[in-house]
Amino acid sequence: MIRYVCCMAAALMLLSASLAAPAYAQENNTIFFGPDVEVRTLQNPRWQNCQRRCDNNDRCVGWSYIQGVNQCRLKEAIWLKSDNGCCVSGYKQAGGGQPGGGGGGQQASPGIQNARIARLHYNSRAGNERGACIQTQPQIPGSFRGWACLWKDNPLYAEIDRMLSDAFMQNMTCDIEWADRPRTRYGEIEVVSCRR
């Protein structure tokens, strides 16, 4: 009986130690693009140190660690991610190892936060597939030529189109997410959330 209790106690100690270890969600061979909160050359060259810097920075939502130069880039927003052997990247893990620092465990999609729609554009010559295109302030990344577009096959096309129009007319602030791999040279709008 005593041996059984000792074995159970040892097993519980091992289990609690493994649960207390930090959980990191890194993406090997990936670089994130977006505005930097901080850029720093690390004295201890490990991606985990870059992750920790992000966890301890209120403005950071994700990070990219550039291995060849030991550089840590903390991101205020993630506009785009790309395959690149130079880097290891990841999302903020604050709040019990949950990506994004919170409850739901959803990773942040590439996008822009707290933006105002500076230009709303429709082009009938673009074909029947594409709807509204927007430019924002702050700007959508240069890799998209400053534009993001809504495609008519989006299951919430009518709702998002109306929201973009309202946000433009009423000067609302929006968070806009787009696809990781857009079908054209412009960002492909997937999610929009606006507020006054």
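The values are calculated or read from the model by the stated rules, or taken from the named source; none is laboratory data. Being a predicted model, the structure only gives us computed values, none of them experimental. Quick reminder, even Gly has a Cβ in these numbers, built from the backbone with ideal geometry, and neighbours come from all protein chains shown.
Points to keep in mind about this one:
- Of everything in segment 43-87 that is polar (S, T, N, Q), touching a residue at least 24 places away in the same chain (Cβ under 8 Å) and not in a loop (DSSP other than H, G, I, E, B), the residue that is surrounded by the most Cβ atoms within 10 Å (Cβ to Cβ) is S64.
- Given (1) at pLDDT below 80; (2) farther than 20 Å from P141 by Cα; (3) aliphatic (A, V, I, L, M), number of the condition A108 does not satisfy: (2)
- Flag for S82 being within 19 Å of I189 (Cα to Cα) and modelled with pLDDT of 70 or more: yes
- Of all residues in segment 130-178, those that are in contact with a Gly (Cβ under 8 Å, 6 or more places away or on another chain), hydrophobic (A, V, I, L, M, F, W, C) and in contact (Cβ under 8 Å) with a residue 40 or more places away in the chain total 7.
- Residue that is farthest from the chain's Cα centre (by Cα), among those in segment 1-55 that are at pLDDT 90 or above and among the hydrophobic types (A, V, I, L, M, F, W, C): L42
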